[in-house]
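The next block holds one structure in the form of structure tokens; read it before the comments.
The values are calculated or read from the model by the stated rules, or taken from the named source; none is laboratory data. Computed from a predicted model, the values in this text were never measured in an experiment. Because the Cβ atoms are built from the backbone with ideal geometry, glycine has one as well, and the counts that use them run over all protein chains shown. The protein model used for the area step is the full one, side chains on, heavy atoms only, and it has no ligands, DNA or RNA in it. Shrake-Rupley method; radii C 1.70, N 1.55, O 1.52, S 1.80 Å.
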Amino acid sequence: MNPTIELLKSHRSIRKFTDQPVSRALLEELVSAGQAAATSSHVQAYSVIHVTDPANREAIAELAGGQGYVASAGAFLVFCADMKRPTEAAERTGARVVRGMTEQLLVASVDTALMAQNVAVAAESEGLGICYIGGIRNDPQQVSELLGLPDHVYPVFGMCLGYPAHQPDVKPRLPVAAILKQDTYRDDREEVAAFDETMQAYYRSRKGGTKQSDWSHNLTPLFDTKLRPHMRPFLVERGFEMK
């Protein structure tokens, strides 16, 4: 493996950080690296909010489910899908802009995710640790109000960044054979069964070793209930009408 692949494969979420701050200059460099990611038709449908106000960070930590590291990390960013900027830019040229298309929502969400992952990799290359915070979608309306987000912009996820105060193990991933399929889709339940055994061993080997579960059972709370049903009406209210 070359150093880039080694870095990518060493990723783990960091939830404990030292007190060392992350400089604004470094953040700007990381965001610049994020902007180098692929973007659909060069739309660049994203904005990033660097949340520095301590009260807002505490509020977001609670809204995200009591994730205290949102408030304590060296830096906290909120990555937003932004269709306001490109649609208004097109409108200023005289275009008759159509808003609220599902494709616009997909483009903005995918652009944001690609850009954020570039930021994550760049941060880890500088010795920082990161943790994505999808919990901001627990109450995206309040997060939007805290951050002053206008219509046609929505918060996709947050990201904690900072210098790690712990070194957790790398969590196993599904085998490549389950993910990489040739020519047509094929069933992968055998690989999933083997991976469940891998995850059982992983949980037993971690400090404490008290968790008795596997990958398939961990998915249960994600799919045996309607997860965040408020997202669709929220997105419609923000102008992503999904036509």
Cross-chain or 6+ apart pairs with Cβ under 6 Å, region 217-237 first and part of a loop (DSSP other than H, G, I, E, B), then of a type in the set (A, V, I, L, M, F, W, C):
none
Would you call residue 5 on the phi < 0 side of the Ramachandran plot, open to solvent by less than 80 Å² (accessible area, probe 1.4 Å) and either in a loop (DSSP other than H, G, I, E, B) or not β-branched (Val, Ile, Thr) (or both)?
no
Determine which member of the set 87, 39 is more than 24 Å from residue 160 (Cα to Cα) and either open to solvent by less than 30 Å² (accessible area, probe 1.4 Å) or of a type in the set (Ser, Thr, Tyr) (or both).
87
Would you please name the residue that is nearest to the chain's Cα centre (by Cα), looking only at residues in region 177-227 that are of a type in the set (Asp, Glu) and open to solvent by 100 Å² or more (accessible area, probe 1.4 Å)?
224
In region 39-81, what residues are in a helix (DSSP H, G or I), within 14 Å of residue 132 (Cα to Cα) and of a type in the set (A, V, I, L, M)?
60, 61, 70, 71
From 60, 49, grab the single residue that is open to solvent by less than 30 Å² (accessible area, probe 1.4 Å), out of contact with any Lys or Arg (no Cβ under 6 Å at 6 or more places or on another chain) and of a type in the set (Val, Ile, Thr).
60
Tally time: how many residues in region 90-108 are open to solvent by 30 Å² or more (accessible area, probe 1.4 Å) and part of a helix (DSSP H, G or I)?
7
Does residue 163 satisfy being hydroxyl-bearing (Ser, Thr, Tyr) and over 14 Å from the mean Cα position of the chain (by Cα)?
yes
